[in-house]
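Shown next, in structure tokens, is the structure this report addresses.
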Amino acid sequence: MTATAPPLRKERNNMKARAALMSPALFIIGGFLVAPLFMVLVYSFLTAGTYGGVVWEWTTDAYVQFLFEKDFFDETLTFSTAYLGIYFRSFMQAVTATVICFLVGFPTAYFIATRPAAQRNMWVLLITVPYWVNLLIRTIAMLFLVRDNGPLNHFLMSWGIIDTPIHIAYTNFGVGIGLVYSYLPFMVLPIYATIERFDFRLVEAAFDLYADRWTILVKIILPLCAPGVVAGSLLVFIPSLGAFIAPDLLGGGKNLMIGNLIALQFQGSRNWPFGAAAAMILMTIVLVTLMFYARRQSKSAARMQ
């Protein structure tokens, strides 16, 4: 007993010390993340107030409204795809932005990672410089750049490439450009961090075995850089799915995305429960997707072992 008591007491003291060190982070996460999300969940099951806010009467009307439209006279429900269309549009915009960011970001990250070590920090700095400016200001600058009488159309028309301005602003294409411009560094930096640790002796060995460049890229570089690609894709896809500024400014509010829909319920329609329900549905979709991916990765890792 006397021999085992000191180690047990030491272990308890270590646990108390770890709990004390973790308590500030747990307090911040609980107070500023878990509690607001719980409040949003509760609001989604309440009744909308007449002039905004909520009435503390429990109901599932907000979730019913997402899939059904209620008749004004007899209150019969009719299936509606209006909000599903907004979610589908947002999903496609996020997927497209993620794919384009990968196609642009991977060569960029590879170029930076293969520069001499003394030059890499400069290239990384150039990638992050736009983030020294607020996202709202950068999006407004992009709007002035791509509008009908903006510098882009003026340049193309002055060189005779086009005869009439290209309508980019206030279109889905303009929203896509804004998403790519906003989140491209989120794709470049994780891939760069992975490629920087890549052992290029594997590439030399593949060349010695007469592999061509495409085979080396597809069967060696991409599989070994998959963690960086996955991390970058998640960092681009999730913010793009709930983006608000780019669809609002570059889309002109013509084609709503999820972020605009949620903001509209709190600011315009004053339907707080439905806004909270739309946010919870979005978060549930993202969490289910991430859980499915994590489970698939764990199964792949188990098979490899």
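Each reported figure results from applying straightforward, stated rules to the coordinates on display, with no laboratory input. Nothing here was measured: the structure is a model prediction, and the numbers come from that model. Positions of Cβ are generated from backbone atoms using ideal geometry, with glycine treated the same way; all protein chains shown enter the neighbour counts.
Of note:
- Those aspartates and glutamates that a straight Cα-Cα span of less than 13 Å connects to Lys70, excepting residues fewer than 8 apart in one chain: Asp61
- Reach of Lys219 by Cα under 30 Å, taken over lysines that are not fewer than 8 positions away in the same chain: Lys299
- Relative packing of 184-195, 137-148, which averages over residues the other C-beta atoms within 10 Å, highest first: 184-195, 137-148
- DSSP H segments from the chain that extend 30 Å or more along their own axis, Cα-based, with Kyte-Doolittle mean of 1.0 or above: 82-113, 172-196
- Spin-label pair Phe38/Ser80, simplified geometry with 7 Å Cα→Cβ offset, distance in nm: 3.3
- Helices in the chain, meaning DSSP H runs of at least 4 residues, each add -39500 (n - 2.57). Divided by all residues, the mean residue ellipticity at 222 nm is -22000 deg cm²/dmol.
- For the peptides 40-46, 163-169, the ranking by mean Cβ contacts within 10 Å, running from highest to lowest, is 40-46, 163-169.
- Between Phe68 and Ser80, the built amide H atoms are under 5 Å apart, and every one of these is 5 or more places off in sequence or on another chain.
- Distance between the C-alpha centres of segment 5-70 and segment 116-133: 38 Å, rounded to the whole angstrom.
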